[in-house]
Structures are given as C-alpha cells and as structure tokens.
1. Okay, helix-only estimate at 222 nm for the chain: each DSSP H run of n ≥ 4 adds -39500 (n - 2.57), divide by all residues, round to 500 deg cm²/dmol; what do you get?
2. Give a residue-ordered list of calculated ³J(HN,Hα) values for segment 195-200 (Karplus: 6.51 cos²θ - 1.76 cosθ + 1.60, θ = phi - 60°; whole Hz; x for Gly, Pro).
3. Mind listing the long-range amide H neighbours of residue 69? Cut-off is under 5 Å, sequence gap 5 or more, other chains count too, H placed in the peptide plane at 1.01 Å from N.
4. State whether segment 91-176 is rounded, prolate or oblate according to the following rule on the C-alpha gyration tensor (a ≥ b ≥ c being the square roots of its eigenvalues): a/c under 1.5 gives rounded; otherwise a/b larger than b/c gives prolate, and the remaining case gives oblate.
5. Treat every Asp and Glu Cβ in the chain as -1 and every Lys and Arg Cβ as +1, leave all other atoms uncharged, and give the resulting dipole magnitude about the Cα centre to the nearest 20 debye.
6. Going by amide H atoms built from the backbone, whose H comes under 5 Å of the H on residue 298, apart from near neighbours?
7. Taking K and R as +1 and D and E as -1, what net charge do the other residues with C-beta under 11 Å from the C-beta of residue 120 add up to?
8. Heavy-atom accessible area of residue 318 with all protein chains present, probe 1.4 Å, nearest 10 Å²?
Amino acid sequence: MRPGAEPRPAGTPRTVGVVWGLLVLNTLGSAGAKTIIPLPRSLIQLVTMGALVSAFALALALNVRLRIRPSAFLFLLTLLLVSSVISSAHLESGVGALFRCVRLALFVGTVWLLSRWWDGGLTFVRHHIRMYFAVLGSVAAGLVVSPGAALPDLYGGRLVGALWPLTPPQIGQYAAVITGLTVLLVLGRRTDRAGAAFVIVPSLVLLALTHTRTATLGLFIGLALAIGSLILTSGAARRFFTWAVLCAAVAAVALGSVLEAWFLRGQSQENFSSLTGRAKVWDALLAAPRTTSEQMFGVGLGDKSFGGLPIDNSWLAVYNEQGLIGVALVAAIIIVLGGVALLRPTSLPRACAIFLISYCAIASYTEAGLGDASPYLLHLAVAASLLAAPAAATPAPTPEVPLRRIPRWAQRSEVT
C-alpha cells in the first residue's frame, strides 16, 4: 500500500487528481538543463500551457454549477492577480507580461473550482505526493539512462532532469516536500512503513544528489515544526522526534566533515557568504531607481530575473514585478495561513499544513515563485485545503407522509 492509498472521501471524483496532475505539469517550467533528447522550448511551453488549459476545462466540467468554498487564501491570491494585471498593463516587461497574467488567471481560476472539494482531509496531500513522485521517477529514469546528462559538469555534478529540463533546486524541492508529507502520513498511521519507504528512500537519494541546501533545510525545519505540533498528542511523533535528534547528533559528530563538504559544494567562503552570487543581484535590484508607480505596482510579470540574472528570492522578485502591494499580499497569504494553522486543533492535516507553510516561507529566501503560478503556490493551496473546515452535512429531507382520512364510524368508535 503506497502513501495515501486509503479510500477517497465520498464525493471527490477521481478526475480531481487528474486536474491536480495537470497543474503540477504546468508549473514544471520550460527552462533547465539539457535533456537527452533536445526538446524545443516552444514545444515545452505548448505542453505546459496545454496542461493548464486542460486543467481549467476539466475543473469547470466537474464543477459546472460553480460551487466554491470561501477561502481567505484564494481571495488574497485573486487580489494578487488583479495587482499583477495592473502592473503588467503598462507593458514595461513586454507583451509576455500579459501572457503570464492570463496563465496566472487560469491557474487561480482552476484552484477556485477545485476548492469545492476542500474539506480539511488528506485528499490533495495524496494527489501531491503521487504527482511529484511521478516527476521524480522521470528524473531517476534519466539518471539510469544517461548518468552523464543527469549529472553534468555545467551544474557542478549536481542532479538535473535528463528527460525533462529540471534544475537541481526544482528536484530538491519536490523530493523534500513529498518526503516530509510521507513522514507525517506514517506518523499519523495513514500509510504503512513499506509503502512510505518506497517513496522516502529514493526521494532522499535524489535530494542528496542535487546538493540543494535550501530544500534540505526546509525539509528538516519544516518537519521539526510539524512534528512539534503533534508531540503532545502522538506517541509516534514523540518517539520519532527523539530518535531524529539522537541520529542528528551522532551524524554531526561522526560525519561532520562529510556533511560540511556536501553543504559547501566546493565553494569558496566568499562565494558561500554571497549566497552563490545572489546577494550581488539583490543589491543591484534594490539600488535601481524606481518611480512611485513601479515601487507600488512593479514592472509587470516577467521571468523572475534582473539584469539578465535570476533574482532567486520570492520577496524581491515580487517587489520587482508586483511592487510593494504584491509583497504585502504575499506576506498576508503566509500570515493568514500560518495564523489559521496555529488556531486549528492538533491533527495530522494541521501538521501537514504547518510543514508546507514553513517550507515555502524558508524556501522563499533563495527561490522565486510565490508571486506567480508555481509549485510553491500549489504547496500553499494544499495547505489551504488542509485548513478548510469540513463542509456541514446536509440532512436528507424527510419524506412527507400523506394524511389518511379516518371514516366517521371509526371516529365515533374512538369517542365511545
């Protein structure tokens, strides 16, 4: 039995999983490492956009009556879309900004349509694990078929996607997220250990091969916070936390030099302190002159770069493209979801939501994506589905019993 293979909640169509898979495919991106079979970027963009359009069409077919669940997360996400349209209308980032706004609109619309099935259960957690495990399966297949293409010198020997263009940070993110969620499912006894090991072990191997520090820290810190929320009510969580601390202490002493070498990735102290050159891009972005309009609304949706170099910071990327208003909306999304998670009673769905929210908050420092259609918004959407209050069951209508006419002779006999 694989993680999350328990019966689906009543009323959740199987096609919802297909829609979620299409959203995952759309957010894989079109830029990355060189693949074994060269894939034109135009073809990749056609596939990803086709997946998004198909996801929206399927979601609309499933929810023809447009039944949605009220959600502060989706309301704020819609405001972010409006802000993006306003900033992109000036075309400072080119016509492509409007195309990205259409993409974000379809993405947000699809998630709105799927909110009908948000019930505080683990349905979307299971879909999330399955879809990203399938993506990691393609990465592992590329590693087996062509190790040289999967571990190129261009990326310093770090693991990339050899069948689909995926970068090391992307692979590390997917591996860390599904590892954390699967560990929590095991602690909540929602899956067996053999099925969990089938996901966790290869995911950790791929994470180690990517040498992605952000994903590793996000996994450990996110799991620590999530398991900490279960310690008072779960003996399994207490035992796991104790063993994890002991193993970490032993590993730090016995394998300290190896772990340090893995963490530094052969970089110099100067390169490490500047976050692999990110700090220079951030300083240049903040020092660039801006008009009042650009400060408030940004320059429009772009490719998350500045001066031809990737920004690699969600907050600065949002500031550049959607301005201070966009930063405030993204901050509100994180704060609202985090606040709701803290107010919810202790449970496995709450722990999974805490893990996803904390992971996205940690990764936002060195990864961009919180202001546009991306895996990070999908992670937060799963968290929002976990924090949704269960829909109140509508009582079945009681059939009316027709009144029977009592004959007069029967009425007289009753009086007598």
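The values are calculated or read from the model by the stated rules, or taken from the named source; none is laboratory data. Owing to the predicted nature of the structure, the values given are computational and were not obtained by experimental measurement. In this analysis, Cβ positions are derived from the backbone assuming ideal geometry, glycine residues included, and neighbour counts consider all displayed protein chains. We work out accessible area using only protein heavy atoms, side chains counted, and drop any ligands, DNA or RNA first. Shrake-Rupley method; radii C 1.70, N 1.55, O 1.52, S 1.80 Å.
1. Result for the chain: -21000 deg cm²/dmol, rounded to the nearest 500.
2. x, 5, 4, 4, 9, 5
3. 115, 116
4. Note, shape of segment 91-176 comes out oblate.
5. Magnitude of the dipole: close to 1640 debye.
6. 323, 324
7. Taking every Cβ under 11 Å from that of residue 120, the sum is +2.
8. Solvent-accessible area, nearest 10 Å²: 0 Å².
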